[in-house]
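Every number in this text was worked out from the coordinates using simple rules, so none of it is lab data. Quick caveat, the model's predicted, so the values are computed rather than measured. FYI the Cβ positions are ideal-geometry reconstructions off the backbone, even for glycines, and counts take in every protein chain you see.
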Amino acid sequence: MYSVRFLLVGPASFIDDETAAAWAQAEITLEGPVTPDRLTETLSGDHWDGAIVDVRYDADTLLNVIELFDKAAIPALFASPASFAAQQTGGYILSSDPADIESIVGHLAEDGKPTLH
């Protein structure tokens with residue numbers, strides 16, 4: 001049986017227990033989070049179906065992270081954690097809400113879609 005695996009890039013606070021449980025219930029494996037400085041090491045020799053990057057990093061860090069994913073041909077997107085006022089800013093939200101999970105999975109599962117900045 002194939003399991004969908006997404007890598008989280010962000011601080012430990014990027015995902016809470018409720019969110020992790022909801023994604024596990026949806027049978028989606030979330031690995032991490034890993035910090036940007038550990039990303040190259042984490043990507044070597046492993047397979048990821050996509051990546052979810054904490055949007056709260058500075059612009060240079062976000063661009064460097066996305067370049068690594070683009071080179072590895074791993075689809076990625078930026079998201080805000082549920083604890084952040086993401087509902088007011090729009091964009092993807094890493095939360096336990098089934099609509100948020102579906103939105104992220106739907107984007108990352110589509111082949112050939114560019115990384116959303």
When the C-alpha atoms of the range 44-104 are aligned to their principal axes, what extent does each axis show, in angstrom, from largest down?
34, 25, 14
Per residue of the range 99-108, in order, report the coupling 6.51 cos²θ - 1.76 cosθ + 1.60 (Karplus, θ = phi - 60°) as ³J(HN,Hα) in whole Hz, putting x for Gly and Pro.
5, 5, 4, 4, 4, 5, 4, x, 6, 5
Can you give the log10 of the normalised intensity I(q)/I(0) at q = 0.19, 0.20, 0.26, 0.28 Å⁻¹, computed with Debye over equal Cα scatterers of the range 1-60?
-0.72, -0.79, -1.18, -1.27
Convex hull projection area averaged over all views, the chain, Cα basis, nm²:
7.0
Estimated FRET transfer efficiency when R0 is 35 angstrom, pair A21-D46 (beta carbons, to 0.05)
0.90
For the range 16-84, which GluC sites (Glu not before Pro) are in a loop by DSSP, counting at most 11 other Cβ atoms within 10 Å?
E27
